[in-house]
Amino acid sequence: MTLTYETVDVFTDVAFGGNPLAVVFGGERLSTAAMQAIAREFSYSETTFVLPPQNPAHTARVRIFTPNIEVPFAGHPNVGTATVLAWRGKIFDRPIGDRVLFEETAGLVPVAIVKEAGRPVGATLTAPQPFQRLGEADATEVAACLGLRPSQIREDRHQPVTGTVGLPFLLVELTDRAALEAARPVTSAILSSPSVAPVKDIHCYVRTGAGDDFDLRTRMFAPLDGVPEDPATGSANCALAGLLAELDGPTDGTMRLRIAQGVEMGRPSLLLAEADRTGGVTTAIRIGGRCVAIRRGEIVAG
């Protein structure tokens, strides 16, 4: 068995920015435990394994692992994997066109390749599931989980709410950028919180002001998944776009958001989110960005 891999920085156009991803090829005979061990070895927020599709009409089956668990869907792994395939030009002896379709546990994930001057530079995924609210969390408990005061959790627009488009996150609006910069995951508080522990992963955000280059600044903490903080989280920002489309989106049209994440980690990322609305209902949520190739090689361990 020969395993090859490529790493790519996702949601950035600058090397060593954005969110790093490892994309592994040739793992058809790997066990789940072996895939998990490889993901733990890379120690990125996610590692993907590109496998033959169960339906030949689809591009590939993609399995996604954090250092601790397999997840049914995630954003930057889809954007990065699709871009790597576009750079390679083919997979399983079939050419890669302008769109790919990945089989994942959460469902089918369509990804459009973004090109400039005919060259792939990134990708945009469409979320595999419509946005759903799954319940609210106690703001005082959430504040303790983030090392903040309860007054730093903004509740006038929405309570801390669990939202998902295939992977659930607790979506929390903070009062200002100072609160966002001060936030830190408190693992013991997460484990002991009745309203936060079932979700585990906390995605907090603030709205930016007039004249800013971004509409939102975000941070995502998932210490129980082996990811203390994530530089760019497509799945969480897809869910956030779904929530904000319900709150602020047009009755008909497309809401667009420029989202900055990873700034506090020294890995600034830019995520471009879109939510299509028809008759007051969100019909599709997309997120995309650029990618930068970093390295490639072989995994030689048995």
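The values are calculated or read from the model by the stated rules, or taken from the named source; none is laboratory data. Predicted, not measured: the structure shown is a model, and the values here were computed from it. Methodologically, a virtual Cβ is constructed for each residue, glycine included, from the backbone with ideal geometry; neighbour enumeration extends over all protein chains shown. Surface accessibility is based on the protein's heavy atoms, side chains included, excluding ligands, DNA and RNA. Shrake-Rupley method; radii C 1.70, N 1.55, O 1.52, S 1.80 Å.
Just a few scattered comments:
- Restricting attention to region 145-164, the residues being open to solvent by 50 Å² or more (accessible area, probe 1.4 Å) and of a type in the set (Gly, Ala, Ser) number 2.
- Subset of region 137-164 [in contact with a Pro (Cβ under 6 Å, 6 or more places away or on another chain) and in a strand (DSSP E or B)]: 162
- Residue in region 207-218 that is at pLDDT 95 or above and over 17 Å from residue 273 (Cβ atoms) present: no
- Qualifying residue in region 284-292 (condition: more than 24 Å from residue 109 (Cβ to Cβ) and in contact with an Asp or Glu (Cβ under 8 Å, 6 or more places away or on another chain)): no
- Considering 84, 50, the condition of being in a helix (DSSP H, G or I), in contact with a strand residue (DSSP E or B) (Cβ under 8 Å, 6 or more places away or on another chain), of a type outside the set (Gly, Ala, Ser) and in contact (Cβ under 8 Å) with a residue 40 or more places away in the chain is satisfied by 84 alone.
- Boolean, residue 33 is outside any strand (DSSP E or B), under 25 Å from residue 226 (Cα atoms) and open to solvent by 60 Å² or more (accessible area, probe 1.4 Å): yes
- Taking region 89-109 as the range and being closer than 15 Å to residue 23 by Cβ, open to solvent by 10 Å² or more (accessible area, probe 1.4 Å) and either without any contact (Cβ under 8 Å) to a residue 12 or more places away in the chain or under 16 Å from the mean Cα position of the chain (by Cα) (or both) as the test, the residues that pass are 89, 90, 104.
- For region 233-253, a residue qualifies if it is β-branched (Val, Ile, Thr) and open to solvent by less than 50 Å² (accessible area, probe 1.4 Å), and exactly one does: 233.
- Residues that are open to solvent by 50 Å² or more (accessible area, probe 1.4 Å) and not in a strand (DSSP E or B) were ranked within region 275-302; the one that is nearest to residue 212 (Cα to Cα) is 279.
- In region 256-274, residue nearest to residue 133 (Cα to Cα) [restricted to those that are over 14 Å from the mean Cα position of the chain (by Cα) and either crowded, with 19+ Cβ neighbours inside 10 Å or among the β-branched types (Val, Ile, Thr) (or both)]: 257
- Residue count, region 170-181 (criterion: β-branched (Val, Ile, Thr) and either open to solvent by 10 Å² or more (accessible area, probe 1.4 Å) or modelled with pLDDT under 95 (or both)): 1
- Candidates 134, 224, 167, 125 - the one that is touching a Lys or Arg at 6+ places or on another chain (Cβ under 7 Å), at negative phi and either surrounded by fewer than 18 Cβ atoms within 10 Å (Cβ to Cβ) or not in a strand (DSSP E or B) (or both): 224
- Residue in region 61-83 that is within 19 Å of the chain's Cα centre (by Cα), hydroxyl-bearing (Ser, Thr, Tyr), within 20 Å of residue 298 (Cβ to Cβ) and open to solvent by 10 Å² or more (accessible area, probe 1.4 Å) present: no
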